[in-house]
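Worksheet: the structure to be examined is printed underneath.
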């Protein structure tokens, strides 16, 4: 096995002028003490180092450190005990770590501008009272584990109310049962934030009620987002309706709330509320198991309770009875799931929606009481309709303006009425139709009644046998995507082929009774993607040739299909990705199968009788091939002795499930190769094992090597030994890995947070380019490498960019 771990060499300590070090996304476990001698270091980026378990105790020697990012270091459980000594620190990001407590006296970091998380310890570390000293905090702050014995005095000392630059605050208790609900309420009362706050989230609060400031217009002048979640003991909601700037409100898992009424809108003293929720655009209720009643405000008859609401989502509120709000003039999206007792107010029938400026999207699932909504909404505004988990739909109203229609898990819908020509002829604007596990009684699907249909996807229509195009007066010129999945009784397509001249994508999967494919498929000149998977009885396919402009083509588990020279694969000059899967290809491989030289990716798989790739002429002349995968070929013993040198563009080689293969090509692999992956190939694994394998030296130069899922990152950085090699740039230069992309010449920027592979490829390419120069100093490095999302710190402060 290959060790995943990277070590940073002690020699890094010799880079005495280094001010910017970015190791984000690498597999380091720890940093050597030598890093703590980099006294000029201002920025240390360690985000998404998932294996990092500790930081050096002597980090306090980094007296000029201004920015430290540890976001996503999911194995890190503590910070150095003497963090308080980093007096220059401006920016500390510990989001996504497992830190249990903040170091003592963190309040001494008086220069701190950004602190993403403050974790309250049970009996150790800093109390939240330390936040009093951090007067310049800005941006986002999450205070978590507030259940760990926070005292009311400490909450008051935190002085959040005076931190006017904080814009986003999260207050989180724990999932444990509250020991003292009154104390938790008192603590939350003292944690009132500044009136300048824009976003507030409260989770797992254990009090029976909320402080008055939470729903007071005097408490917030700029609040735009509010989320209240898992406050399971609260009996009522705050008066959110009185927050004039609130735009988005999410309420989740408030287990004891049974009614939403006057208190929600702000009528606390019986006084009439003129206009609640005057700015609210998005409202969501989710998983409210005891919620039964949603009452309108006292002023609901005079004006809308939600005059600006655009998105309303309600899900899994199974006891909610009564009616939806009936006057929503700006509504664009309505999504309601699993609210079985919710109904539609009679006044919906008389709603005047002429003032609606945007199309309406309705998504309802398992809410039979809302089905009349489809009838009552002005049809000219309904553009998208999704219906799921219904059994009792008989038919749909005429909706000639509907553009997208989706059914999911409606197996007993009356398909005869829905699929009648009279009904479907009204859907003259329909562009996308999705049917999932529905219409089990339908046997023939008429394609020709939707004149503008561009996307059709059918999945799990159990008794569908055929498609018909009867009555089609013209070509289905708008259809560009057709996908058919898991229709076990589908036997054929229309005689004469598909009249779809602009079809770009055709997928047919798991239709076990399908015997023939559309005739004259070669005439589909716009087709770019063609996928056939698990069609065990398919016999007739591509007689006369394949569509000439295919870019992706794959045939898998179609054992009765016989690939033919007649398909004209070599002439598919646009083909980029191709898969040779299964024994059906074996005869053609050994004889005369040729592929276009433009191919970028090739997968050879499931050829149980293939013994030697020497016989596979398909690999010849593929000068543009970048990815080659050979897998599940249990008899394969040999790769070409002359090597794969002719594949001059090959970058990624994967060999999987070839237990008899003992050698990689005798004459080596192309120098362009940057990634080699070997899985379930016991002989290869032993021969090319890290350092101890007989032929390890033959592949050690390859930047990235994965063997059985373990990535050999130690050597991946430059292929020159057992440690990560650091290149020192000219004195005074700041550059992160991300910022050196321009020098590396890579056309596409890898996502450094996605993992180590892209980083390694980046470094290798960079080092290769630098090594080609006779003198590294001849490269004209600017003083700073500026990149929009990743900039070094300026000289004058510690803020990013």
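Count of the stretch 46-63 residues, restricted to those that are free of Cβ contacts under 8 Å to residues at least 60 places away in the same chain and in a loop (DSSP other than H, G, I, E, B), is 11. The set of residues in the stretch 77-89 that are buried (at least 18 other Cβ atoms within 10 Å of the Cβ) and in contact (Cβ under 8 Å) with a residue 40 or more places away in the chain contains only 89.
Checked against the criterion of being at negative phi, surrounded by 18 or more Cβ atoms within 10 Å (Cβ to Cβ) and in contact with a helix residue (DSSP H, G or I) (Cβ under 8 Å, 6 or more places away or on another chain), the stretch 65-76 contains one or more residues that satisfy it. Looking at the structure I just gave you, is residue 673 surrounded by 15 or more Cβ atoms within 10 Å (Cβ to Cβ), closer than 22 Å to residue 708 by Cβ and modelled with pLDDT under 90? It is false that residue 673 is surrounded by 15 or more Cβ atoms within 10 Å (Cβ to Cβ), closer than 22 Å to residue 708 by Cβ and modelled with pLDDT under 90. Of all residues in the stretch 222-233, those satisfying the criterion of being crowded, with 22+ Cβ neighbours inside 10 Å and under 13 Å from residue 207 (Cβ atoms) are 228, 231. The stretch 272-382 holds strands (runs of 3 or more DSSP E) entirely within its bounds, and those carrying 1 or more residues that are within 24 Å of residue 436 (Cβ to Cβ), under 35 Å from the mean Cα position of the chain (by Cα) and modelled with pLDDT under 85 map to 360-365. A single entry from 182, 242 fulfils the requirement of being at pLDDT below 95, assigned by TED's automatic domain parsing to the domain that holds residue 143, more than 17 Å from residue 144 (Cα to Cα) and surrounded by fewer than 16 Cβ atoms within 10 Å (Cβ to Cβ): 182. Among the residues of the stretch 145-165, at least one is under 26 Å from residue 230 (Cβ atoms) and touching a strand residue (DSSP E or B) at 6+ places or on another chain (Cβ under 6 Å). The lone criterion from (1) surrounded by fewer than 17 Cβ atoms within 10 Å (Cβ to Cβ); (2) not assigned by TED's automatic domain parsing to the domain that holds residue 366 left unmet by residue 335 is number (2). Checked against (1) more than 25 Å from residue 362 (Cα to Cα); (2) at pLDDT below 95, residue 230 passes all but condition (2). Here the condition is being at pLDDT below 95 and either part of a loop (DSSP other than H, G, I, E, B) or in the same structural domain as residue 220 (by TED's automatic domain parsing) (or both); of 126, 194, it holds for 126 alone. Among the residues of the stretch 129-151, those that are crowded, with 18+ Cβ neighbours inside 10 Å and in a loop (DSSP other than H, G, I, E, B) comprise 134, 137, 145, 146, 147, 148, 150. Take the conditions surrounded by 23 or more Cβ atoms within 10 Å (Cβ to Cβ) and more than 19 Å from residue 8 (Cα to Cα) and apply them to residue 110. Does it pass? For residue 110, the condition - surrounded by 23 or more Cβ atoms within 10 Å (Cβ to Cβ) and more than 19 Å from residue 8 (Cα to Cα) - is not met. Looking across the stretch 215-232, the residues that are out of contact with any helix residue (DSSP H, G or I) (no Cβ under 6 Å at 6 or more places or on another chain), touching a residue at least 24 places away in the same chain (Cβ under 8 Å) and either in a loop (DSSP other than H, G, I, E, B) or within 18 Å of residue 275 (Cα to Cα) (or both) come down to 216, 220, 221, 222, 223, 224, 230, 231, 232.
Quick check on residue 665: is it modelled with pLDDT under 90 and either buried (at least 16 other Cβ atoms within 10 Å of the Cβ) or under 38 Å from the mean Cα position of the chain (by Cα) (or both)? Here the answer is yes, as residue 665 does meet what is asked.
The criterion of being in contact (Cβ under 8 Å) with a residue 40 or more places away in the chain, crowded, with 21+ Cβ neighbours inside 10 Å, assigned to a loop (DSSP other than H, G, I, E, B) and touching a helix residue (DSSP H, G or I) at 6+ places or on another chain (Cβ under 9 Å) does not hold for residue 41.
Whenever a residue of the stretch 684-704 is in contact (Cβ under 8 Å) with a residue 24 or more places away in the chain, its partners that are surrounded by fewer than 17 Cβ atoms within 10 Å (Cβ to Cβ) and not in a strand (DSSP E or B), lying with C-beta atoms within less than 6 angstrom and at least six residues away or across chains, give the pairs 687/694; 687/695; 688/695; 688/696.
The values are calculated or read from the model by the stated rules, or taken from the named source; none is laboratory data. These numbers were taken from a predicted model, which means no experiment stands behind them. Neighbour counts are summed over all protein chains in view; Cβ atoms, including those assigned to glycine, are modelled from backbone coordinates with ideal geometry.
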